[in-house]
Amino acid sequence: HDTVAQSLFGITFTLDACINMLPESVGQVRSELVQLRDQASQVRTQVRQSIFDLWPANLALERLKSDLRMHASQCCQARAFRLDFTTRGDFEVLSPRLRQTLFQIAQEAVANAARHAGTDSAHVIIQVHTDGVTLQVEDRGQGYDPATIQPGKYGLRGIQERVSAVGGALQITSSPGEGSSLLVHIPRLPGAMYV
């Protein structure tokens, strides 16, 4: 499951921070930590490839919706959490890897809304159009000030990595008491959308 990859990313990130905090005179510990960080990074890459290899090549839109709803219910076992969907355009023209990327971004964004927004629902909007695809996950929860959130918090770093890997752009809009919106635009690039 991609949660394993996220955990390994966290380990790698923390080990990197530890290495930077060590005094230069502690050479042996630094060497061991560098080796451990590199090993964890390699495992993370292998896990992500394994996840992709297991991914259904024909991930249909209905399956994506069903899996996201299941994920939201797992994040909120103590209470109900509703996901609404709006879709436009032909999802089937997207490559399997792009479908997977959209699912993983939506999965993390839905988990954030379910765990942190203080609301019982979120809205997922997927639009496929001639110049690319957009994914938006919005909620009417408690909101927050994006400037106060550290880059590694709430899975945002993983989302940003995925968006960047497919040449996309990420925009997060939120303010206290006004809910939150995560908007991803992935342009139509050769090989990134239609395979």
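The values are calculated or read from the model by the stated rules, or taken from the named source; none is laboratory data. Given the structure is predicted, the values throughout are model-derived calculations rather than measurements. All accessible areas refer to the heavy atoms of the entire protein, side chains included, with ligands and DNA or RNA removed. Shrake-Rupley method; radii C 1.70, N 1.55, O 1.52, S 1.80 Å.
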Candidate residues Cys75, Cys18: accessible-area rank, largest first, probe 1.4 Å
Cys18, Cys75
Ordering Met21, Met70 from largest to smallest accessible area (1.4 angstrom probe), what's the sequence?
Met21, Met70
